[in-house]
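Just below is one structure, and these are the notes that go with it.
The values are calculated or read from the model by the stated rules, or taken from the named source; none is laboratory data. Note that the structure is predicted; figures quoted are calculated from it, not measured. Counting neighbours? That spans all protein chains shown, and the Cβs are built from the backbone with ideal geometry, glycine included.
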Amino acid sequence: MLSILNNLANRALAKTGEREAEAMKFGIKAWRNGGRERVGSLDLVNNNAAIETPALVLTTRKGLPTYISPDLLPSVASPDSCLLQASPLHFLDSASPKTISNIGGLHQLVSLHGYSFTAAPRDSILCLPEYESTNKMGASFETTCGRRLIKPAEYMELVSALNPNLWATLADEVPAWVSEKRNKTSVDRTVRWLDECIALDKVGSRNVLGAIVGGSSIEQRVRCAEEVTRRNVSGYWLGGFGLGETIDERPALLCAVTDILPTERPRQISGLDLPEEVLQGVASGIDLFNSTYIYHLTLGGYALTFPLNRNERRISDEGNDIKINLKATIYRKDTSPIIDDCRCYTCQNHTRAYINHLINVHEMLAQILLEIHNTHHYLGFFRAIREAIKEGEFDLFHENFVQSRHDHMTAVAANS
Amino acid sequence: MALRFEVLGRFNRARAAQLTLPHFVSQTPLFMPVGTQGTIKGLTTNQLEEIGCQIILGNTYHLELRPGSDLIDELGGLHKFMNWPRALLTDSGGFQMVSLLHLADITEKGVTFQSPVDGKPMLLTPEQSIEIQNRIGADIIMALDDVVKTTITGPRIEEAMYRTLRWIDRCIAAHKRPNEQNLFGIVQGGLDPVLRDICVRGLVDRNLPGYAIGGLAGGEDKDSFWRVVAQCTAALPEDKPRYVMGVGYPLDIVVCSALGADMYDCVYPTRTARFGTALVPEGILKLKQNAMANDVRPIDPTCMCMVCKNYSRAYIHSLVTKDAMGSQLLSYHNLFYMMKLSRDLHASIVEGRFPEFVREFLQNMFPKGDVPEWVCNAMEVAGIDITACCSPFPAPKIGLEALVSPMVQQRFSQKNNHSLLSSINQKLK
Ligand SMILES: [Zn+2]
Ligand SMILES: [Zn+2]
């Protein structure tokens with residue numbers, strides 16, 4: 001017993017020492033003159049390969065993917081799958097911060113060594129900002145343990161115990177429909193909490209992503225971004241998206257912010273989920289996306305099937321849709337994998353007919369297999385985006401994608 | 001017959017064997033996890049192989065309902081459908097009907113039940129059960145038996161036993177793939193030794209590839225349970241596998257193996273995992289308890305499984321009964337524990353240290369020496385000396401001879417209990 005504790009404590013010490021020596025490194029590898037989209041390289045852990053951006057940050061529950069157990073995670077595209085998102089608020093009702101710290105932080109707790117974590121309070125699934133109860137003391141969230149007001153000190157206690165590779169400061173995220181006054185207050189609070197969080201950070205604010213809010217007001221977005229860029233932060237976290245703003249007003253809001261931010265620091269966003277939304281974000285110069293898209297697809301029985309090769313316009317029975325619903329009766333006897341040439345564990349081992357059966361009888365393996373495939377496929381989408389940027393063809397890629405979606409929608413509408 | 005059963009080692013009644021099935025060469029004693037609907041809840045087939053699972057159960061009743069045996073057959077059988085390269089076993093479907101459906105009625109024709117789909121009356125005959133199982137294609141298929149609750153007494157038990165014997169001939173006649181699938185007969189007869197004996201003889205006459213002991217693990221008292229197992233294993237042929245249906249508590253498996261049984265199945269390890277309970281050498285560990293919230297130890301420090309190598313009780317505590325991952329990780333550990341237990345039973349018998357293994361197992365589970373009476377009794381019949389694991393009995397107030405059987409007295413006198421026993425005797429004089 002004692003030796004186990006000692007062991008864990010030693011590992012924790014080693015880990016902290018390591019972290020001390022390392023600073024997050026971010027560099028731009030490719031970008032186009034006149035464009036905002038860029039390919040970057042994010043180096044977060046000494047012993048791990050750098051992650052190329054734009055990248056998908058995988059959604060987790062308490063540090064692990066919802067259904068993919070840690071032994072199966074390496075079977076999903078690597079090293080792309082090595083970047084995970086965690087909400088410190090998931091740990092409100094679990095082990096105490098002291099215990100988490102004794103165990104050695106988040107990496108040890110979930111036993112994902114060589115993986116990197118970015119932390120932000122909001123996860124868009126279990127932890128949602130509850131702006132009406134937020135006050136000057138702290139931000140309110142709907143969490144798994146009810147509505148909770150989180151003050152900067154409490155948040156930082158969790159962050160410091162978890163010790164993620166990057167963490168976003170506490171933000172007052174408001175939906176698009178709040179008054180100008182409330183929106184302005186949210187910017188004031190977010191900037192104040194940024195200072196408080198940095199002041200409370202024990203390791204000297206090396207891996208901080210400064211939160212930027214401002215709702216759907218360009219003026220407030222710019223004001224917040226300017227305030228945050230005056231602070232000593234390693235990167236930026238764009239909050240307040242996916243909260244009721246229209247998809248059409250988003251590019252202007254995004255660009256107003258990214259145009260102010262220094263180019264050589266990474267930018268993460270929450271709330272952009274769909275491929276079209278991700279493409280909007282990339283076009284505005286966003287580097288990291290934590291998306292709930294895979295989670296929702298998986299729960300609904302969907303598998304992503306859209307072509308990843310941008311020159312290919314897949315002609316199939318399913319038309320040009322982005323996904324198929326494996327619940328449908330047409331897959332009852334379909335012995336093909338979700339995608340023929342997909343290299344994921346699911347497609348290498350199982351048929352559509354089997355997944356259809358698992359969904360029908362409410363077996364958890366359905367979600368496990370779907371999350372594996374969907375994660376693998378969406379990571380492939382991000383890889384395709386990076387390749388397009390490197391080849392200077394991102395605009396074309398973006399247009400083609402949107403166009404094929406449009407064509408499909410028209411075809412569906414015509415047939416119905 | 002599509003199996004080979006080679007006994008590799010013995011200790012008294014216990015045996016370790018190699019069971020060669022069409023899809024896998026397995027080692028007994030063996031726990032077989034239940035994958036009711038063509039999947040073990042929350043685990044991939046790769047993980048099941050890694051854990052060491054050798055034979056998985058499918059439930060005929062559920063599989064026939066969805067996706068249907070016709071579809072499974074059309075897609076190449078259950079092995080291919082669920083991508084499980086190792087062995088499979090399907091039950092007859094009868095037990096599921098009787099236990100899950102209120103309106104099941106058993107007649108000479110078969111089991112009549114109300115369709116859960118449209119409410120119409122349906123009939124499952126022995127012929128149909130075998131036809132369905134032939135289509136599913138498992139390595140081992142089970143005869144349709146007349147299932148009655150073990151707690152029932154009276155003429156119904158006798159009727160069910162004789163009907164089970166009549167149905168076995170219909171099952172044998174209906175079995176179309178005897179060279180690819182092994183039909184096991186099921187010994188019925190309740191808790192009545194005479195009926196059990198008639199049933200065993202009847203089945204053995206049919207020279208089946210293997211035999212199951214049915215009608216147990218249904219709420220009967222433990223003493224009746226082990227006596228039925230002991231009686232049946234003693235009467236069943238030495239060169240055929242013996243499968244005790246519905247048994248899954250580690251202690252029961254150890255006892256039954258000592259009595260000469262080879263195979264077991266139960267939903268217990270995976271079901272209890274979903275409720276947050278882990279199987280450990282000491283018995284069970286309830287991860288839900290508040291005491292686990294800040295416990296940095298693994299579930300079982302002696303376990304070599306993926307979960308115990310990586311996770312603290314504290315972390316599992318935060319997941320169980322809330323997140324899917326909690327039941328995924330606990331199911332993984334619990335099945336690993338059951339497969340490790342199977343391997344340990346096999347190896348200790350082969351290596352001639354079975355009694356030592358049993359004693360160590362009991363000492364872990366009953367550190368205070370409070371081994372249940374029925375276990376002590378069963379171990380005597382199994383010829384395994386567990387005196388070292390048992391604490392002395394509290395001093396009886398009257399008639400030592402009446403309360404303590406001669407065998408227990410003998411056991412007392414074997415170890416350090418000489419003085420205690422003589423002091424009791426003194427008092428009684
Ligand atoms: Zn795939
Ligand atoms: Zn374990």
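Going residue by residue through region B:265-278, is there one that turns out to be crowded, with 24+ Cβ neighbours inside 10 Å and closer than 23 Å to B:Glu373 by Cβ?
No.
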Original post:
Within region B:359-373, is there a residue that is within 16 Å of ligand 2 (Cβ to nearest atom), of a type in the set (Val, Ile, Thr) and not in a helix (DSSP H, G or I)?
Top reply: no
Subject >> Matching option when the condition is touching a strand residue (DSSP E or B) at 6+ places or on another chain (Cβ under 9 Å), of a type outside the set (Ser, Thr, Tyr) and on the phi < 0 side of the Ramachandran plot, among B:Ala174, B:Ala160, B:Ala217 >> reply: B:Ala160
Subject >> Residues of region A:322-331 that turn out to be within 16 Å of ligand 1 (Cβ to nearest atom) and in a loop (DSSP other than H, G, I, E, B), as a count >> reply: 2
**OP:** Would you please name the residue that is farthest from ligand 1 (Cβ to nearest atom), looking only at residues in region B:295-338 that are farther than 24 Å from A:Asp93 by Cβ and in contact with a Cys (Cβ under 6 Å, 6 or more places away or on another chain)?
**Re:** B:Asp300
Subject >> Only listed residue being acidic (Asp, Glu) and over 19 Å from the mean Cα position of the chain (by Cα), chosen from B:Glu220, B:Glu158 >> reply: B:Glu158
Original post:
Which residues, counting only those in region B:313-338, are more than 12 Å from ligand 2 (Cβ to nearest atom) and among the hydroxyl-bearing types (Ser, Thr, Tyr)?
Top reply: B:Tyr315, B:Ser318, B:Thr321, B:Ser327
**OP:** Out of the residues in region B:293-309 that are assigned to a helix (DSSP H, G or I) and surrounded by 19 or more Cβ atoms within 10 Å (Cβ to Cβ), state the one that is farthest from ligand 2 (Cβ to nearest atom).
**Re:** B:Met306
Original post:
When both residues are 6+ apart or on different chains and their Cβ atoms are under 6 Å apart, which pairs have a first residue that lies in region A:319-346 and is under 25 Å from B:Asp73 (Cβ atoms) and in contact (Cβ under 8 Å) with a residue 12 or more places away in the chain, and a second that is within 12 Å of ligand 1 (Cβ to nearest atom) and hydrophobic (A, V, I, L, M, F, W, C)?
Top reply: A:Leu326/A:Ala303; A:Leu326/A:Ile355; A:Pro337/A:Cys347; A:Ile338/A:Ala303; A:Ile338/A:Cys347; A:Thr346/A:Leu369; A:Thr346/A:Ile372
**OP:** Could you list, in sequence order, all residues of region B:85-97 that are touching a residue at least 40 places away in the same chain (Cβ under 8 Å) and either among the hydrophobic types (A, V, I, L, M, F, W, C) or in a loop (DSSP other than H, G, I, E, B) (or both)?
**Re:** B:Pro85, B:Arg86, B:Ala87, B:Leu88, B:Leu89, B:Asp91, B:Ser92, B:Gly93, B:Phe95
Original post:
Going by the structure shown, is B:Gly76 crowded, with 23+ Cβ neighbours inside 10 Å, facing another protein chain (nearest Cβ under 10 Å), part of a loop (DSSP other than H, G, I, E, B) and modelled with pLDDT of 95 or more?
Top reply: no
**OP:** Read through the list (1) surrounded by fewer than 23 Cβ atoms within 10 Å (Cβ to Cβ); (2) over 26 Å from A:His296 (Cα atoms); (3) modelled with pLDDT of 95 or more, then give the number of the only condition that A:His113 fails.
**Re:** (3)
Original post:
Pairs under 9 Å by beta carbon, first residue more than 9 Å from chain A (Cβ to nearest Cβ) in region B:293-319, partner within 16 Å of ligand 1 (Cβ to nearest atom), six or more apart or different chains?
Top reply: none
Original post:
From the residues in region B:47-73 that are over 29 Å from A:Ile68 (Cβ atoms) and small (Gly, Ala, Ser), which one is farthest from the other protein chains (Cβ to nearest Cβ)?
Top reply: B:Ser69
Original post:
Limited to region A:351-382, what total is found for residues that are in contact (Cβ under 8 Å) with a residue 60 or more places away in the chain and either more than 8 Å from chain B (Cβ to nearest Cβ) or of a type in the set (Gly, Ala, Ser) (or both)?
Top reply: 14
**OP:** Scan region A:129-147 residue by residue and report those that are in contact with a helix residue (DSSP H, G or I) (Cβ under 7 Å, 6 or more places away or on another chain), part of a strand (DSSP E or B) and either charged (D, E, K, R) or within 14 Å of another protein chain (Cβ to nearest Cβ) (or both).
**Re:** A:Thr143, A:Arg147
Original post:
Within region B:341-353, is even one residue touching a Pro at 6+ places or on another chain (Cβ under 7 Å), of a type outside the set (Ser, Thr, Tyr), within 14 Å of chain A (Cβ to nearest Cβ) and more than 16 Å from ligand 1 (Cβ to nearest atom)?
Top reply: no
Original post:
Among the strands (runs of 3 or more DSSP E) contained in region A:208-277, which hold 2 or more residues that are touching a helix residue (DSSP H, G or I) at 6+ places or on another chain (Cβ under 6 Å) and free of Cβ contacts under 8 Å to residues at least 60 places away in the same chain?
Top reply: A:208-212
**OP:** Give B:Phe354, B:Phe366 a once-over and let me know the one that is touching a strand residue (DSSP E or B) at 6+ places or on another chain (Cβ under 9 Å), at pLDDT 95 or above and buried (at least 20 other Cβ atoms within 10 Å of the Cβ).
**Re:** B:Phe354
